[in-house]
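The values are calculated or read from the model by the stated rules, or taken from the named source; none is laboratory data. Computed from a predicted structure; not experimentally measured. Note that we place each Cβ from the backbone using ideal geometry, even for glycine, and neighbour counts take in every protein chain shown.
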Amino acid sequence: MQNLTQDGQQLVNNLSRKYNLSFDAVMHMLIAVNNGAGSMAQFNCPELGGGGQWMRGGMTMVGDMFNYGLKNTVDNLCNELANGLVNFQVFVPIPKGTPGSNQWWPGDLGQPFSSGAQNNIRYAVFPNRLAVELNGQVTVYNTLDNNIGGVSQQQGGDSSLTFSSQYGTIAVNSLPIVSGVGIAPAPQRNFAEPTQNSYAQANNNQTSSQTNNAPQSNTSLPSSTSIDETLQIIEKLAKLKDAGAISENEYNSKKTELLNRI
């Protein structure tokens with residue numbers, strides 16, 4: 001974690017008292033806003049409803065999506081933090097080319113023509129090179145003949161990155177590593193699997209029940225129609241999540257609730 005200057009310490013303390021939040025919560029949000037270059041933040045702070053997103057002058061999303069008071073608090077806090085980053089030297093300067101610095105990539109790469117940050121990952125795009133920082137570790141990839149148009153973090157996991165090129169969407173971990181340890185792909189969960197397994201288990205349980213106690217068995221499986229309807233609802237929720245209308249936590253919570261009804 002970067003060390004705060006005296007001005008940074010005062011900023012965090014003042015906002016902690018103003019919004020009745022812990023020092024750690026405000027510090028978490030400060031780092032998130034700083035990683036988003038003062039214009040956006042992706043965070044996961046229990047005191048602020050868990051996972052959420054903030055965009056300056058735009059959308060604010062929190063775990064409790066209908067808690068407008070919480071949304072207002074997050075929006076005001078992030079705006080004040082962004083203003084503080086512009087008006088004060090909040091963090092103690094870190095030498096260029098070292099983890100935690102604003103110029104964290106190896107110095108011989110020069111200046112990137114595109115850079116960004118999502119959660120705990122930062123990336124910078126150079127001619128024929130892509131630098132990625134994850135938890136302080138920097139990996140440089142050879143982008144080959146790809147013309148990178150944008151880097152995005154998949155919803156499934158913090159270490160799953162893709163980029164768009166003239167060949168379509170490509171996983172970052174498929175590129176040759178020039179230096180560093182690389183970023184392992186995050187395991188992806190097949191949401192259809194639990195539903196199928198649950199249905200099969202229910203079918204086995206009913207068969208066993210009918211075999212052992214046929215006269216008294218009133219167990220019935222959910223109809224295929226109800227299962228199809230549930231899957232359609234989950235699919236619609238996934239689209240809302242991808243569109244940014246609901247958060248990852250809201251999507252997972254609702255999906256689990258729906259699957260438990262089957």
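Observations on the model:
- Any chance residue 83 is over 18 Å from the mean Cα position of the chain (by Cα) and not assigned by TED's automatic domain parsing to the domain that holds residue 254: yes
- When the residues of the range 2-57 are filtered to those that are without any contact (Cβ under 8 Å) to a residue 40 or more places away in the chain, at negative phi and assigned to a loop (DSSP other than H, G, I, E, B), the one that is surrounded by the most Cβ atoms within 10 Å (Cβ to Cβ) is 56.
- Residue 108 vs. criteria at pLDDT 80 or above and assigned to a loop (DSSP other than H, G, I, E, B): no
- Per-region count, the range 218-247, residues more than 15 Å from residue 61 (Cα to Cα) and either at pLDDT 50 or above or under 22 Å from the mean Cα position of the chain (by Cα) (or both): 14
- Identity of the residue in the range 35-62, modelled with pLDDT under 85 and small (Gly, Ala, Ser), that ends up farthest from the chain's Cα centre (by Cα): 57
- Between 250, 193, the distinction of being modelled with pLDDT of 70 or more and not small (Gly, Ala, Ser) belongs to 250 only.
- Selection from the range 75-98 of residues that are touching a residue at least 40 places away in the same chain (Cβ under 8 Å) and in contact with a helix residue (DSSP H, G or I) (Cβ under 7 Å, 6 or more places away or on another chain): 77, 78, 80, 81, 82, 84, 85, 88, 89, 90, 91
So that you can scan it fast, the table gives a plain yes or no per residue for (1) within 30 Å of residue 255 (Cβ to Cβ); (2) modelled with pLDDT under 50; (3) loosely packed, with under 15 Cβ neighbours inside 10 Å; (4) not small (Gly, Ala, Ser):
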site: 118; (1), (2), (3), (4): yes, no, no, yes
site: 124; (1), (2), (3), (4): no, no, no, no
site: 132; (1), (2), (3), (4): yes, no, no, yes
site: 145; (1), (2), (3), (4): no, no, yes, yes
site: 161; (1), (2), (3), (4): yes, no, no, yes
site: 199; (1), (2), (3), (4): yes, yes, no, yes
site: 216; (1), (2), (3), (4): no, yes, yes, yes
